[in-house]
Amino acid sequence: MIINDSNRHKGLRNQLVSTIRNKGIKDKAVLDAISKVPRHLFMDSGFVDFAYQDKPFPIGADQTISQPYTVAFQTELLEVQPGQKILEIGTGSGYQTAVLIELKAEVYSIERQKELYTKAKKFLPKVGYVPKKLEFGDGYLGMPEYAPFDSIIVTAGAPYLPKALLGQLNIGGKLVIPIGDNVQVMTVFTRTSEKKFEKLEYGDFRFVPLLKEKN
Ligand code: SAH
C-alpha cells in the first residue's frame, strides 16, 4: 500500500489539533500524536474528506471511529509513559491503537467484530503501527494471559464496570472507561493497592455500546 499522506492532510491535522486544544486538551504528547496519525487512512474512502473534522464516523459493522476529541480526552487521562503496557478494549478502526503506539506504548487490543478485527490486523502494520497483540474476543474478559497492564482503555460504552478488568491492572495503573447506557460518564479507576481503587469521574460522553461476547 502506498501511504497517501499529503501536505494538505498534514495541514488539516494541524487545524484539528487547534480545535481539540481549544476544547481543553493540554497534554503536548497527546496533541503531537494526533498531529501525526493519518486519520484519513483509518476511514472508508467515501469519508476521507471528513477525516479531519472533530466527529465520529461509520467504519462498518455498525461501529464508529471515535471523535478525535474523545480519543485525545481518554488518552490524556491515561497519562501514557513510553514503554508502558496498555490494554485497549475495542480496536475498531485501530485509530486509538495508533495514537497509543505514537506515544510509544506497547498496545494489546481486543475487538469483538470479526470484520473489524481482520481489517485492523492487516491495516495497522501497513501504515507502520505494530501492536504487541490484536485479539478477536470479548473485552469484558480483558486479556488475563497478558496481564497485568499499566493501564486499560475501554473505547465503547460499558453498561456496567467489567470487574475482570480491575484485576488486570498493575498497582498505580488506571482503567479509563465510559460507563452508562445511553450516555456514559467517563470514569477513571486507579489501583492504589492490591485491594483498593480510587474512582474519579470526568463528565458525559456518547459511545457505541460495549457488547457481550464475539460476533
Ligand atoms: N478505538 C476505536 C473505537 C471504535 S468504537 C477506534 O479508534 O476506531 C468501539 C469498538 O468497540 C467497536 O469496534 C466495537 O465493535 C468494539 N466492541 C464493542 N463491544 C466489545 C467487546 N465486548 N469486546 C471488544 N470490543 C468490543
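Structure values in brief
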read-out: Single residue of segment 51-105 satisfying the filter (of a type in the set (Asp, Glu) and open to solvent by 30 Å² or more (accessible area, probe 1.4 Å)) that is farthest from Tyr202 (Cα to Cα); value: Asp62
read-out: Of residues in segment 178-215 being more than 14 Å from the ligand (Cβ to nearest atom) and touching a residue at least 40 places away in the same chain (Cβ under 8 Å), the one farthest from Leu166 (Cα to Cα); value: Tyr202
read-out: Answer residue from segment 71-91, given it is near the ligand (Cβ under 7 Å from one of its atoms) and out of contact with any Asp or Glu (no Cβ under 7 Å at 6 or more places or on another chain) and is farthest from Glu213 (Cα to Cα) among those; value: Val71
read-out: Those residues of segment 30-50 which are among the aliphatic types (A, V, I, L, M) and either in contact with an Asp or Glu (Cβ under 8 Å, 6 or more places away or on another chain) or within 23 Å of Phe205 (Cα to Cα) (or both), in sequence order; value: Val30, Leu31, Ala33, Ile34, Val37, Leu41, Met43
read-out: In segment 167-209, the residues that are open to solvent by 20 Å² or more (accessible area, probe 1.4 Å), within 16 Å of Leu77 (Cβ to Cβ) and of a type in the set (A, V, I, L, M); value: Ile179, Val185, Leu200
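Matching residues to (1) more than 30 Å from Pro144 (Cα to Cα); (2) touching a residue at least 12 places away in the same chain (Cβ under 8 Å); (3) out of contact with any Pro (no Cβ under 8 Å at 6 or more places or on another chain):
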residue: Asn22; (1), (2), (3): yes, no, yes
residue: Arg39; (1), (2), (3): yes, yes, no
residue: Gly46; (1), (2), (3): yes, no, yes
residue: Asp49; (1), (2), (3): yes, no, yes
residue: Ala72; (1), (2), (3): no, yes, yes
residue: Gly83; (1), (2), (3): no, yes, yes
residue: Ala98; (1), (2), (3): no, yes, yes
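The values are calculated or read from the model by the stated rules, or taken from the named source; none is laboratory data. This is a predicted model, so every value here is computed, not measured. Every residue, glycine as well, gets a Cβ built from its backbone with ideal geometry; the counts of neighbours run over all protein chains shown. For accessibility, only protein heavy atoms count, side chains too; no ligands or nucleic acids. Shrake-Rupley method; radii C 1.70, N 1.55, O 1.52, S 1.80 Å.
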